[in-house]
Amino acid sequence: MSRARTVLCLSRPLRLARSLCRAQFMERKAQGPPSPPVMENGTQPCEERPPAVPAATVTEGAAKIAFPSANEVFYNPVQEFNRDLTCAVITEFARIHLGAKGIQIKVPGEKDLENVAVSLSEQEEGKAEQKENETVAQGNQARTAAVGEICEEGLRVLEGLAASGLRSIRFALEVPGLQCVVANDASARAVELIHRNVQLNGVAHLVQPSQADARMLMYQHQKVPERFDVIDLDPYGSPAPFLDAAVQAVSDGGLLCVTCTDMAVLAGNSGETCYSKYGAMALKSRACHEMALRIVLHSLDLHANCYQRFIVPLLSISADFYVRVFVRVFTGQAKVKSSASKQALVFQCVGCGAFYLQRLGKASRDPGGRVKFSAACGPPVTPECEHCGQRHQLGGPMWAEPIHDLDFVGRVLEAVTANPGRFHTSKRIQGVLSVVSEELPDVPLYYTLDHLSSTIHCNTPRLLQLRSALLHAGFRVSLSHACKNAVKTDAPPVALWDIMRCWEKECPVKRERLSQSSPAFRILAVEPRLKANFNIREDANPSSRQRGLKRFQANPEANWGPRPRARPGGKAASEGLVARRLLQKKRKEPAEDPAQRAARLKTFPCKRFKEGTCQRGDQCCYSHSPAAPVASADNPLTDCPETTTKISPEPEAADGGIAGPGVD
């Protein structure tokens, strides 16, 4: 048979098979994909979901919530202080906001409003009561707003990242004068849990669950009639992606509450990351926690200035592992012009830690009373530190104005003190706010007692002794809520180091042990111009310290700190903590087989065997065979012709394993 006929005979069955397969494929395509089975009611079954995880019930404040024991929806009991303080702040803000409209709020367990909010003399109080009685007699009765009721002219609150909805439910159950609370989250699982918790607490008339991206939701409420009076942002990590939308969605004079838990970035561990998120360089210093607060305020004001708005801080707190700021946002082009003069750069010495502030702008008044703005002059330092001769680091810009409104802080403190049973963390709130009210409002940043002593290598004086010395010298001094050993003073670094030099004369340092280039040697080489007096003064001990208030929280339980991020279908929180503890500071490589490890160790020679001191014999994990090294082009045994290698005469070495003096 010829070759052409053979090919023709073989190709015919292949063509038939190909056409048959094509016909079957077209038939399947016309039928469409297989449809899922249909339920009895005609609906298709839902997607398969993992089995339901048993829910745990938590009671905090007046709210009772259920959340899955698995780490699907974020919840951290550590931040109960944060939520309690937020309820107290919003309550006082509602008192101010609704009081301007003639509406009084009623807080459970609180006495008459006049005893809490008004601090007048007896005569003025009597006159005010008469005027109020006349007004009530002429018109209708005074309007009141109670907890759990809808106030038509009340506050519109948004919680952008609600998670389990605990914070929003507590607002509805504990804060009076609310019109509505929008509990938003991007997770469908979280919104489902919010619906369940809202029904559980019976606040469906006030709390409105929402599933949306927090930024898009706030951008959709930029118009003035649709803005929120209070916006609360408590994200996992940095709130930087939400700040631009938040300053536009809050009403004029509204309250913006922001939490930052990325303290490693704000405290100076990663300055370039801090700049990318907040527009400022953070420095590693003892005052890093207050600097973190001021960087967040700078970022908020910078975002608000883009829309002719500015901020007024009410309360700024550094607690545990996060910072929390409460600011009011106003609109005004004239006030925005002064924002540059409210920001400052920080020059910090890397040797002694002395810092200086350089304002970005300057505001001055002309003879006509008009305010003129110009660029500030600087820098305030020389290339080298005048105290220790070291260089300076540049940080910022940061907020250089007061970070608290002391009048507002006093109102919150008075309300919490008058009603201590309202919050579980009332004692801590009283202690922290008491220290805040004692801080110097116009003095940014602070020094620490231990840092001043360690710089010159001397004994640490008592806190009251150093405070008394500053007061005797005519300077002001206070504590800081951000650090237990803080020394916040308006004394310049020159006066502060003079006081430390005087203290060193009472507790001398061995100068011969100090390096001549060290900051301690250079600081102590200068004689003090100021004569310090370390006698204890009565006003050196602050009131909060005398009363023994709970100012600085001690860790009350194990694993006190941030929780792992919520993950859909993730492991339980307890399992995640156990896994993290097991893998902490260990390589995440698979464990090596014992036989492989023993074989690998046998390839290394035993050093003690070479010295003749190894007592293990055959049980030694290292090799005892005196194998001769092998010379190669990559690893020669001799580095130069003059060097010779002495090797014990062995049979293997005699065959040519020794590299002679002329081998490269």
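Of note:
- Filter result (in a loop (DSSP other than H, G, I, E, B), among the polar types (S, T, N, Q) and exposed (fewer than 14 other Cβ atoms within 10 Å of the Cβ)) within the range 530-543: ASN535
- Being assigned to a loop (DSSP other than H, G, I, E, B), open to solvent by less than 50 Å² (accessible area, probe 1.4 Å) and among the hydrophobic types (A, V, I, L, M, F, W, C) is a description that does not apply to ILE429.
- GLN546 meets each of the listed conditions (1) crowded, with 16+ Cβ neighbours inside 10 Å; (2) without any contact (Cβ under 8 Å) to a residue 60 or more places away in the chain apart from (1).
- Index of the failed condition, VAL147 passing every other in (1) under 23 Å from the mean Cα position of the chain (by Cα); (2) part of a loop (DSSP other than H, G, I, E, B); (3) not aromatic (Phe, Trp, Tyr): (1)
- 2 or more residues surrounded by fewer than 17 Cβ atoms within 10 Å (Cβ to Cβ) and free of Cβ contacts under 8 Å to residues at least 12 places away in the same chain: qualifying helices (runs of 4 or more DSSP H) within the range 171-257: 188-201
- Scanning the range 159-170 for residues that are of a type outside the set (D, E, K, R) and in contact (Cβ under 8 Å) with a residue 60 or more places away in the chain turns up GLY160, LEU161, ALA163, SER164, GLY165, LEU166, ILE169.
- The range 258-270, subset open to solvent by 10 Å² or more (accessible area, probe 1.4 Å) and not in a loop (DSSP other than H, G, I, E, B), residue nearest to VAL323 (Cα to Cα): MET263
- The residue that is surrounded by the fewest Cβ atoms within 10 Å (Cβ to Cβ), counting only those in the range 89-101 that are within 11 Å of ALA145 (Cβ to Cβ) and more than 33 Å from the chain's Cα centre (by Cα), is LYS101.
- Of the residues contained in the range 350-363, one or more are found to be in contact with a Gly (Cβ under 9 Å, 6 or more places away or on another chain), at negative phi and open to solvent by 80 Å² or more (accessible area, probe 1.4 Å).
- Filter result (under 13 Å from the mean Cα position of the chain (by Cα) and acidic (Asp, Glu)) within the range 268-305: GLU290
- Note on the range 446-478: among residues that are open to solvent by less than 10 Å² (accessible area, probe 1.4 Å) and assigned to a loop (DSSP other than H, G, I, E, B), the one that is farthest from ILE317 (Cα to Cα) is ILE456.
- Neighbours by Cβ (under 6 Å, 6+ apart or cross-chain): first from the range 402-430, under 17 Å from ILE90 (Cβ atoms); second open to solvent by less than 50 Å² (accessible area, probe 1.4 Å) and assigned to a loop (DSSP other than H, G, I, E, B): ASN419/GLU110
- Being crowded, with 17+ Cβ neighbours inside 10 Å, touching a residue at least 12 places away in the same chain (Cβ under 8 Å) and farther than 26 Å from HIS392 by Cβ is a condition met by no residue of the range 506-529.
- Count of residues meeting criterion [touching a His at 6+ places or on another chain (Cβ under 6 Å) and more than 28 Å from PHE321 (Cβ to Cβ)] in the range 460-485: 0
- Restricting the range 592-616 to residues that are in contact with a strand residue (DSSP E or B) (Cβ under 9 Å, 6 or more places away or on another chain) and in a loop (DSSP other than H, G, I, E, B), the residue that is surrounded by the fewest Cβ atoms within 10 Å (Cβ to Cβ): THR603
- Pairs where the first residue, in the range 352-378, is within 29 Å of ARG286 (Cβ to Cβ) and the second is open to solvent by 60 Å² or more (accessible area, probe 1.4 Å) and of a type in the set (A, V, I, L, M), C-beta under 6 Å, 6+ apart: none
The values are calculated or read from the model by the stated rules, or taken from the named source; none is laboratory data. From a predicted model like this one, the values you see are computed outputs, not experimental measurements. Methodologically, a virtual Cβ is constructed for each residue, glycine included, from the backbone with ideal geometry; neighbour enumeration extends over all protein chains shown. With ligands, DNA and RNA removed, areas are computed over all heavy atoms of the protein, side chains included. Shrake-Rupley method; radii C 1.70, N 1.55, O 1.52, S 1.80 Å.
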